[in-house]
Amino acid sequence: MIETGSLRPLGAVLVAALSIVGIVVFRARPNVREGWSVLGALGTVAVIASMVPGVLAGQAYVTDLGTFVPGVRFALRVDPLGLLFGLLASLLWVITTFYSIGYMRGLDEHAQTRYFAAFAASVAAAVGVAFARNLLVLFVFYELLTVATYPLVTHDETGEARAAGRKYLAYTFGGGVAVLAGTVLLYVLTGTTAFTPGGIAALAEADPVLARAVFALLLTGFGVKAALMPLHSWLPDAMVAPTPVSGLLHAVAVVKSGVFGIARVVLDVYGPGLMGDLGVGLPLAAIAAFTLLTASVIALRKDNLKRRLAYSTISQLSYIVLGLAILSPASMVGGLLHIPAHAFMKLTLFFCAGAIHVETHTDDISDMAGIGRRMPVTMLAFAVASAGMAGIPLVAGFVSKWYLLIGSVGSGQAIFAVVLLLSGVLNIAYFWPIVYQAFFETPEASDRKPLVESPLGGRYGDGPAATRADGGRPGDGRDEDPKGDRSESDRNDTAATETPLGSGTTRETDSEAAGETPPPETQDSPTETDAVQSEGEQAVDRYPSDHALPGDDRERDENTADSKNETAGPGEDRESSEHSTFHDHAYDEPHGPPAGGWEQRAFGEESSWFVLGPILTVVAGAVVLGIVPYWAIFLRVVELIVAGVTGTPRVVG
Amino acid sequence: MSLTFLEAGLLGFVLVCGLTTALLKDVLSSIIAFAAYSLGMAMFWVILRAPDVALTEAAVGAGVMSLLLLLTIARTVRPSHEAFTESIRLRTAGVVGAFVLVLGTTIPSLPAIGSPSAPVIDYRVTEYYIANTYAQTGVKNAVTAVLAAYRGFDTLGEATVVFAAGIAVLVVLRKEGFV
Amino acid sequence: MIPTVAVTGTAPLTGVVAALLSGVGPASVEQLLATSANSPLPPLLVAVPLLVSIATLAVGYRFDRAAWSIAAIGAVLQVAIAGTLAWRVVTAGRVIHVLGGFVPPFGIVLVVDGLSALVALLIAVVTVGVLVYLRQAGPRGLGTTGDVFNMYVFLEITGLAAYALVASGDSGLAAVAALKYLMLGTVGASLFLLGVGYALIATGTLTMADLAVRLAEVGYQSTPVRAAFAFMTVGLGVKIALFPLHTWQPDAYSASPDGVSAFISALVSTVSAYALVRVVYSVFTVEFFAANPLARDLLLYGAALSVIAGSTLAVTQREVKRTLAYSSVSQFGLVAVGFALTNRAGLVGGIIHLLGHAVMKGSLFLAVGIIAIRTDARTIEEYAGLARRVPVASAAFAVLAFAMIGVPPAVGFVGKWYILLGAVEAGEPVVALVVVASTLLTLAYFARLIERMYFSPVTDSTGPAGTVADGGESSAGRDGRESESAVADGGSAGTDAATVDRNAEDTRDTRNDSDVEADTSAGADTDGDAGSAELDPVTDDPSGREVTAGMTAVVVLAAIVAVALGLLATELEALLRPTLEVLLS
Amino acid sequence: MSAVTDLLLTRYNYLAVVVLSGIGMYMMIENRNLVKKVIGMNVFQTAIFLFFITTAYVEGGAPAILESGGGGGGGPYVSPLPQVLILTAIVVGVSLTAVALALIVRIYAEYGTLDEEALREVTGE
């Protein structure tokens, strides 16, 4: 690879970073401020795109800013792997910016300046992660990314948002510490931290035990952001953030920076050869496979749409890690290609979830029966992206999974192929019901979700007051003492969610479920009235003990907000989150399905174009990636990466 | 040097005064004992051939210091006690005892008192002062010469300390209208 | 007027005191004289602040403002001298001044090498910063001495000035804290003096360069030499406030005026730590540790313990200044770890972290001061929602806090990187672990603050509800969940916290995006002045004191410096390289 | 002559230093009256001064008054160096004491007590 000195790698980071200045300066004029956001996004993507031809031609662009600490240069380099991530993050940032504008204005959110500034900072840091020349520089941006994302996670400023932010900081800084320790050890072992395609040569001569320790440290560190189990639990909690954040950052930039870190470690620090020699590939693959399946199963049981998507993310990220860990060229192509593929698809899904939230204030899947009438385009896009997630051909997910399958079978690790197929089935299991009920059911005639709690296929005719699967009875567990609240609901939930599958993950899911009751905070009086009226139904809802009078609710919310392990509802909006309690309660306007089912809306009338435009763009991207992957650049870049690492010119015919 | 009766007596006096200072409950008595302690110390230093230091200690340690202490209790309070002596608490005594023990273990390794081969006496620094002070400074008292010339910077510091202390007292007492 | 005099007069001394203790490596005296550039500047460094302080004192009796001007001119002059010296050190290697022409070991020589030049510059610059902030203090100087007894004298001057500064606080608590500080400080200094005595009795000399040679001749394993090391280290440990010798420090920091806290935290302990480097490396040298591994281990693990204990105590504090004070215990532990590693990386890390900490912690205290003036907020609960009321200071605080946590590329990270590298190279896994974990420990107490400042609704901190909440907090401080519920309990007892919260949200929601930054959270803000506070940092404040633009500027500048220093670490190391070679040889 | 007797006879000053510094330290820790604490501090410091002065002494030496104008004449002299240091240290010590006593006066004015325990209660520590 020819290295060319160029300011463009630095430029890409700086353009994104400098847009923050514009955003903050023009905080009083939203239009100008958003203009800066768009400008920053476009500028970044333009700078990065300008390097694509060069990189494809085998060139690498380097900005060297001098020595950072002895033996380590503060240098940025755009190589194929960096380009893959950088291009992806910046491209999707453009789209997400437009979507953000629609979303934030649609909800009239507070602290929008902070939101847009932190967003730009996050992307700048992500681009920095992508272009880091060595592990230490990568660490620098990795940590900055943590800091920049924190205000976004805590955006809501509610108790649960703060708890989520705290958890996020603790997990990611903990991971950062592991990365730092690994980096120092690596430096002491080899005298360098620079990325070298195929692995750092000196590492092969180092003490294998120490080399494995370094690998474990780095993997732990990056595994936090990549949400490998058991380090994943910050991610579902972080869904309390506004949906565009969940979309771009928690499906693309942040989590992928973890995955990207793992890719760097596997490909450019250790190299597949040394990985095999040290025998660290298989354990990694096993962890990934475990995460992949377990997260899918948990996703099945999530009624909150964003939470289900979060677990889906955890599962899908492990595809990438699995692909890298299998160590065969084809699986690596699959894994790396899944980075953009998953990004496009998952972004679509999150955008859809956000659009539904903005338009109808609905967050729970069980409320979405028949919503296809109300939001046809959105749900269509959702359907396409879901199909891609499941690996159905013509959508992006198929191509990457195809490579993954070939790779795992080809390298004689067929067990992972089975895992992949099984996971595909689970994907269908947790996405299909959403799509199905959106188009083919009505609120009056819908089965209850999540699926695991009732027989597959659903059961009709369940009245809202019927006994719940969790064993809760009307009036059961009324608990006036706020302190007792948590344990009480925990007990109920244990009963509720005990499933044959709940081996090691049962505890986890229990507490997740425990938090599913949202903070029933009310803002507008009509809603409050509703809440009072619907008291009877609430009491028989899934978590009877959570019930209390509205006044108590508020107080209890304060008390327990932080003790909740997870967000109750989509945190972006307190107004509506309370309504996720009303799972089958179909009569409270305008949240959940309106009386008489969803009205029919025509194409283009379902939402603002700020929201619809991005959705259509991303889903189109997902389809393009699925139909003509080679033409869409990403596959070419990926093949270039793998060729650089393994020396195989073209992996799969 | 060997222990003479004079020295032993003075040393004993100093120790007893020190102990008394610690044990007397009454502050005024304690101050008086402390003044005696300082005086005893000053006399002992004369025996150790340090007249300049002894003079300073007698004036500053026994004189000025006692005055300051007396002034302080005059301006504050001299609590009355029923007990004549302090009660000794074993825990504190244990801590202090440990410190004393540690310090004590270093004694055998120190040169004998007055040994002419001790580094302080033997090393070129002292020899140089003795040999050259008069020629270089024209001052007969080597202590004065070293203080004012060779280590004049220390003395500058010393002056600064006094200056600083003066200002510090001003600051501290500003509410008392002392200024 | 007297306070002015007080600060004016003593601050300068502090400087002097702080002054300078520099020294040389173990190279012999003759070699030292032969290889260094002679210059009249070092004594000026000491004399200028002294003269200026006398001038300010004299003038200050009549004209308060004029006193400040003189002090400011003196401080700037000081920066110029220190800067020139630093430049000469860079170009010439080492600058000395033989006082009165009396050659050491018989006289005293001032030696400025890379390290002392840096500390000198730091003192001068911090002085200017604090001066701008206080607008009523005096200058300080810095010196450099190559003599251990001289070091004692200057340590005591530093101490005296510091005691007076602490006592300049208005409350009686300040006097109590100052007395406690004075007693412990004196014990520390006396122990140091005792150590000097042992060194003297073993070698017969006091000049650092000469001592280094003589100690080696006497033998590093002889009892008086060991005792000298032990007493000097413990004495300095008290002054630095390493755990468990730190007990004076939180009281002193929290009871003194904010500018003073900044000054003490940035300089006084820093100078003592600098003295420790000198003692360890210039006097006893690396070989002493080689001969006495136990001494090194004790220092190393003691420092590591300090890191952990300091952070743990910091987390349990309610008052912001006490949190910062305990944080210093922890951070100086980290610095001492770097020094005790006795390898190059560790030493560089220790020095960088020492300088970085001075900038960061000093500015944090200044930021706390600004916040206190504007909102009267002093406890962690009262910091809720501060970012909306005091945006600039809060932002600076956040940046500095993250720098302290060690988020790269700020200086906090670079220091930690070096120390960690040193620990790994020295084969000290436990210490490495502590260094790594210190990131999380620091995060534990700073994240709590930042979260409150930025993401918590403002609660009524003056009413009875606030008091109740405070009471609940102290026991629960360690655990975010509990503390959260404690606050809520308090809230419901008096003012309904939930209602307050809701009001705040209502207010927020009715506002449009345009004024989000200027949001006042008026619903819950009882101070009533928050609304106007936003965009203009120099507006009304409840207590009658004023936040000047200069104060804000100092803090913001410091935040920038904290980040920039991290990127300049290589240059710092280059400046230190010749010095390091001497120290480690 | 046993080792202990030898120690007693040749290093008695150092023993005194150890004992006196112990007394001083005990006073600082244990005495509740602030003034007595300050006195203890001085006892402690004076003990250290004794240490220095002892090191300067030489058997049969004369005070360092160089009658002959130096040049080695006039028999052995005690070392002037430690004595100089202690002259400085005494002044430093009294300065510190002055400040400490000033603080005590102020504390009394503020709280009306010099008793450490009472003070601790008043200041709420």
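Residues of the range B:37-59 being among the hydrophobic types (A, V, I, L, M, F, W, C), surrounded by 19 or more Cβ atoms within 10 Å (Cβ to Cβ) and outside any loop (DSSP other than H, G, I, E, B), which ones?
Listed by number, the residues that qualify are B:L39, B:M41, B:A42, B:F44, B:W45, B:V53, B:A54.
Could you tell me whether any residue of the range B:69-78 is in a helix (DSSP H, G or I), more than 7 Å from every other protein chain (Cβ to nearest Cβ) and under 24 Å from B:A42 (Cα atoms)?
Yes: one or more hits.
Whether any residue in the range C:179-198 is modelled with pLDDT of 85 or more, facing chain B (nearest Cβ under 9 Å) and closer than 21 Å to B:P108 by Cα is what I want to check.
Yes, the conditions are met somewhere in the range C:179-198.
From the list C:A212, C:A227, C:A202, which residue is more than 9 Å from chain B (Cβ to nearest Cβ), in contact (Cβ under 8 Å) with a residue 24 or more places away in the chain and not β-branched (V, I, T)?
C:A212 is the lone residue from the list that is more than 9 Å from chain B (Cβ to nearest Cβ), in contact (Cβ under 8 Å) with a residue 24 or more places away in the chain and not β-branched (V, I, T).
Got a sec? Which of C:V556, C:V582 is surrounded by fewer than 20 Cβ atoms within 10 Å (Cβ to Cβ) and in contact (Cβ under 8 Å) with a residue 40 or more places away in the chain?
Among C:V556, C:V582, only C:V556 is surrounded by fewer than 20 Cβ atoms within 10 Å (Cβ to Cβ) and in contact (Cβ under 8 Å) with a residue 40 or more places away in the chain.
Inside the range B:60-81, can you point out the residues that are over 20 Å from B:T21 (Cα atoms) and crowded, with 22+ Cβ neighbours inside 10 Å?
Matches in the range B:60-81: none.
Report, by residue number, each residue of the range C:204-255 that is under 18 Å from C:L324 (Cβ atoms) and open to solvent by 10 Å² or more (accessible area, probe 1.4 Å).
C:L242, C:F243, C:H246, C:T247, C:D251, C:S254, C:A255
Among the residues of the range B:36-53, which ones are more than 9 Å from chain D (Cβ to nearest Cβ) and under 11 Å from the mean Cα position of the chain (by Cα)?
Passing the criteria: B:L39, B:G40, B:A42.
When you check A:F119 against the structure, is it open to solvent by 10 Å² or more (accessible area, probe 1.4 Å) and at pLDDT below 90, yes or no?
Here the answer is no, as A:F119 does not meet what is asked.
Of the residues that make up the range B:108-115, is at least one out of contact with any helix residue (DSSP H, G or I) (no Cβ under 9 Å at 6 or more places or on another chain) and within 10 Å of chain C (Cβ to nearest Cβ)?
No, the range B:108-115 contains no residue that is out of contact with any helix residue (DSSP H, G or I) (no Cβ under 9 Å at 6 or more places or on another chain) and within 10 Å of chain C (Cβ to nearest Cβ).
Condition first: open to solvent by 10 Å² or more (accessible area, probe 1.4 Å), at pLDDT 85 or above and of a type in the set (A, V, I, L, M, F, W, C). Can you find one or more residues in the range D:82-92 that meet it?
yes
Restrict the check to the range A:368-378 and report whether at least one residue is of a type in the set (G, A, S) and at pLDDT 80 or above.
no
Where in the range C:167-285 are there helices (runs of 4 or more DSSP H), lying wholly inside it, with at least 1 residues that are among the β-branched types (V, I, T)?
Passing ranges, in order: C:172-203, C:208-218, C:223-240, C:258-263, C:269-277.
Checking B:A131 against (1) closer than 19 Å to D:I48 by Cβ; (2) small (G, A, S); (3) assigned by TED's automatic domain parsing to the domain that holds B:R151, which single condition isn't satisfied?
It is condition (1) that B:A131 fails.
Okay, residues lined up against (1) more than 10 Å from chain C (Cβ to nearest Cβ); (2) open to solvent by 30 Å² or more (accessible area, probe 1.4 Å); (3) in a loop (DSSP other than H, G, I, E, B):
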residue: B:T92; (1), (2), (3): yes, no, no
residue: B:A98; (1), (2), (3): yes, yes, no
residue: B:L103; (1), (2), (3): no, no, no
residue: B:S117; (1), (2), (3): yes, yes, yes
residue: B:Y134; (1), (2), (3): yes, yes, no
residue: B:L147; (1), (2), (3): yes, yes, no
residue: B:F153; (1), (2), (3): no, no, no
residue: B:V161; (1), (2), (3): no, no, no
residue: B:I167; (1), (2), (3): no, no, no
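Give the residue, chosen from A:L300, A:L305, that is open to solvent by 10 Å² or more (accessible area, probe 1.4 Å), closer than 21 Å to A:I434 by Cβ and in contact with a helix residue (DSSP H, G or I) (Cβ under 7 Å, 6 or more places away or on another chain).
Unique residue meeting the criteria: A:L300.
Which condition number in (1) without any contact (Cβ under 8 Å) to a residue 24 or more places away in the chain; (2) in a helix (DSSP H, G or I); (3) within 9 Å of chain D (Cβ to nearest Cβ); (4) touching a helix residue (DSSP H, G or I) at 6+ places or on another chain (Cβ under 7 Å) is the one that B:M65 fails?
(1)
Among (1) more than 11 Å from chain C (Cβ to nearest Cβ); (2) open to solvent by 10 Å² or more (accessible area, probe 1.4 Å); (3) not charged (D, E, K, R), which single condition is A:F74 missing?
(1)
Looking only at residues that are facing chain B (nearest Cβ under 7 Å) and among the basic types (K, R) in the range D:1-43, which one is farthest from the chain's Cα centre (by Cα)?
Filtering the range D:1-43 for residues that are facing chain B (nearest Cβ under 7 Å) and among the basic types (K, R), the one farthest from the chain's Cα centre (by Cα) comes out as D:R11.
Mind listing whichever residues of the range A:47-65 are outside any strand (DSSP E or B) and more than 14 Å from A:L87 (Cα to Cα)?
If the condition is that a residue be outside any strand (DSSP E or B) and more than 14 Å from A:L87 (Cα to Cα), then A:A57, A:G58 are the ones that fit.
From the list A:V209, A:V252, A:V177, A:V188, which residue is in a helix (DSSP H, G or I) and more than 30 Å from C:R344 (Cβ to Cβ)?
A:V252
Kindly evaluate A:R105 against the criterion of being within 11 Å of chain C (Cβ to nearest Cβ) and touching a strand residue (DSSP E or B) at 6+ places or on another chain (Cβ under 9 Å).
no
Give the residue, chosen from A:L300, A:L274, A:L337, A:L293, that is modelled with pLDDT of 80 or more and not assigned by TED's automatic domain parsing to the domain that holds A:G613.
A:L274
The values are calculated or read from the model by the stated rules, or taken from the named source; none is laboratory data. These figures come from a predicted structure and were not determined experimentally. When we count neighbours, we look across all protein chains shown, and the Cβ atoms used for this are built from the backbone with ideal geometry, even at glycine. Surface areas here come from the heavy atoms of the whole protein model, side chains and all, with no ligands, DNA or RNA. Shrake-Rupley method; radii C 1.70, N 1.55, O 1.52, S 1.80 Å.
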